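In what follows, a single structure is set out as structure tokens and then discussed.
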Amino acid sequence: MARNKIALIGAGMIGGTLAHLVGLKELGDAVLFDIAADPAKGKSLDLMQSGTVEGFDSDLKGTDDYADIAGADVCIVTAGVPRKPGMSRDDLLEINLKVMKAVGEGIKTHAPDAFVICITNPLDAMVWALREFSGLPHEKVVGMAGVLDSARFRLFLAQEFNVSVEDVTAFVLGGHGDTMVPVLEYSTVAGIPVPDLIKMGWSTQEKMDAIVDRTRKGGGEIVGLLGNGSAYYAPASSAIAMADSYLKDKRRLLPAAAWLSGEYGESGMYVGVPIVIGQNGVEKIVEIDLGDEAKKNFGVSVDAVKELMDACKKLDGSLG
Ligand code: APR
């Protein structure tokens, strides 16, 4: 049986970490595509040499030629620039929108059957634009944010409850940004909902509110500490979990930015919701019953994403 081929579009900090995980988890071979070809080639060589020690045989290839992604089963997109000091949100949007156009066309031409996972920020608007530019079926294009935001939420909850992260499940919905919606009612320790744990005296509502707030600002906390760049280990692990569910048809239920057509009362946009990922991509969008506050917060988040989409439409007339 042929090995899976995973195209990593963008071979920066997240791209390199993705390639490492592809090797360590023996998910298949990877192409590291970047406009900066030599660093991508250097990273690929370094990673393959780590494979000699770790015992993995993944073929990792750096390139700046889209033809090399031909036939990819999965494309994970991190290409773009991060927001730098002095750069406005609109500047970032303009640059990354152009990158999405180039990437979308590359995927459309060379890997139209791939499952595409977008990580580039601002996430919900970029995954929408990438889908528009690529023309791929909506169920084959998703955005990675919810798994990462939920991972942060789960870690903080596990630390507060002093239990293993393995036993903590949590959901973060909505757009990736300050308006994301961590949902306490659907967060559990081994099936016990957080509100029940509060009643049992395991923690307090005040502490939960602080954790929700820290989760919302989770990316910024790391940017502030790193001083140069943004998080890459947890984002890479999160995207790999999604790729793994697709490649192995695991049908995991994960929060991710998915195309809505009526679910949660919204249509024609991407935003973070629970989805089942299997061999066809998005197999199902799960509509959970949100409480009044979560519903209100989800609405605020949806509006913030729509605002970004409108800004994209003004920048590129080809976006309907
Ligand atoms: N095509 C391909 N690669 C590109 C393009 C392009 N048009 N433009 C930029 N790149 C490459 C850069 O050369 C760089 O190697 O994208 C890579 C981005 O890597 P980093 O700057 O290291 O960023 P990273 O930390 O990996 O994050 C990537 O994910 O979380 C988001 O906000 C983050 O949008 C950012 C993205």
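Only the coordinates and a few stated rules stand behind these numbers; no lab work does. The model shown is predicted, which means the values in this text are computed figures rather than measured ones. Because the Cβ atoms are built from the backbone with ideal geometry, glycine has one as well, and the counts that use them run over all protein chains shown.
Each peptide in 70-76, 165-171 gets a packing score, the mean of other Cβ atoms within 10 Å over its residues, and the list from highest to lowest is 70-76, 165-171. Normalised by residue count, segment 5-144 yields a Cα convex hull volume of 95 Å³ per residue.
Which order do the peptides 51-58, 22-29 take when ranked by the mean count of other beta-carbon atoms within 10 Å per residue, highest first? Please report the intermediate quantities before stating the final value.
Details: 51-58: 13.5, 22-29: 19.2.
Ranked from most to least packed, the peptides come out as 22-29, 51-58.
Peptide packing: for 102-108, 117-123, the average count of neighbouring Cβ atoms within 10 Å per residue gives the ranking 117-123, 102-108, highest mean first. Going by neighbour counts of Cβ atoms within 10 Å, the residues Arg154, Arg252 line up, fewest first, as Arg252, Arg154. Ranking Pro112, Asn280, Gly12 by how far each Cα lies toward the positive end of the dipole of the chain (charges on Cβ) leaves Gly12 at the top. Using 0.36 nm per residue and subtracting the Cα-Cα separation, the extra length available between Trp202 and Gln279 on full extension is 23.7 nm.
Counting neighbouring beta carbons within 10 Å and listing from fewest to most, the residues Met144, Met200, Met13, Met180 come out as Met200, Met13, Met180, Met144. Sequence-ordered 3J(HN,Hα) estimates for segment 197-204 from the Karplus curve with 6.51, -1.76 and 1.60 and θ = phi - 60° stand at 5, 5, 4, 7, x, 6, 6, 10 Hz, glycine and proline given as x.
Pair-distance distribution P(r) for the chain, from all Cα-Cα distances in 10 Å bins starting at 0: 6, 27, 35, 23, 8, 1 percent. With an 8 Å Cα cut-off and a minimum separation of 6 or more residues, compute the relative contact order for the chain in percent. Relative CO of the chain lands at 16 percent. Computed from backbone phi, the HN-Hα couplings of segment 3-11 come to 6, 5, 10, 10, 9, 9, 8, x, 10 Hz, rounded to whole numbers (Karplus: 6.51 cos²θ - 1.76 cosθ + 1.60, θ = phi - 60°; Gly and Pro given as x). Under 5 Å between amide hydrogens, built in the peptide plane, is the criterion, and for Gly28 it picks out nothing among residues at least 5 positions away or on other chains. Taking every DSSP beta bridge that has both residues in the chain, what percent is antiparallel when rounded to the nearest 5? Counting DSSP beta bridges with both partners in the chain, the antiparallel share is about 55 percent. Relative contact order for segment 5-144: 23 percent, from Cα pairs under 8 Å spaced at least 6 residues apart, divided by residue count. Using C-alpha pairs below 8 Å separated by at least 6 residues, the relative contact order for segment 146-314 is 23 percent.
Here's the list of lysines a cross-link from Lys140 could span, going by alpha-carbon distance under 18 Å and ignoring same-chain residues fewer than 8 apart: Lys5, Lys101, Lys108, Lys248, Lys250, Lys284. For segment 153-257, the Kirkwood radius over C-alpha pairs fed into Stokes-Einstein at 20 °C and 1.002 mPa s yields D = 143 µm² per second. Placing unit charges on the Cβ atoms only, positive for Lys and Arg and negative for Asp and Glu, gives the chain a dipole magnitude near 160 debye about its Cα centre.
Can you pull the semi-axes for segment 198-320, root of five times each eigenvalue of the Cα gyration tensor, sorted largest first, whole Å?
Semi-axis lengths for segment 198-320 are 26, 21, 20 Å.
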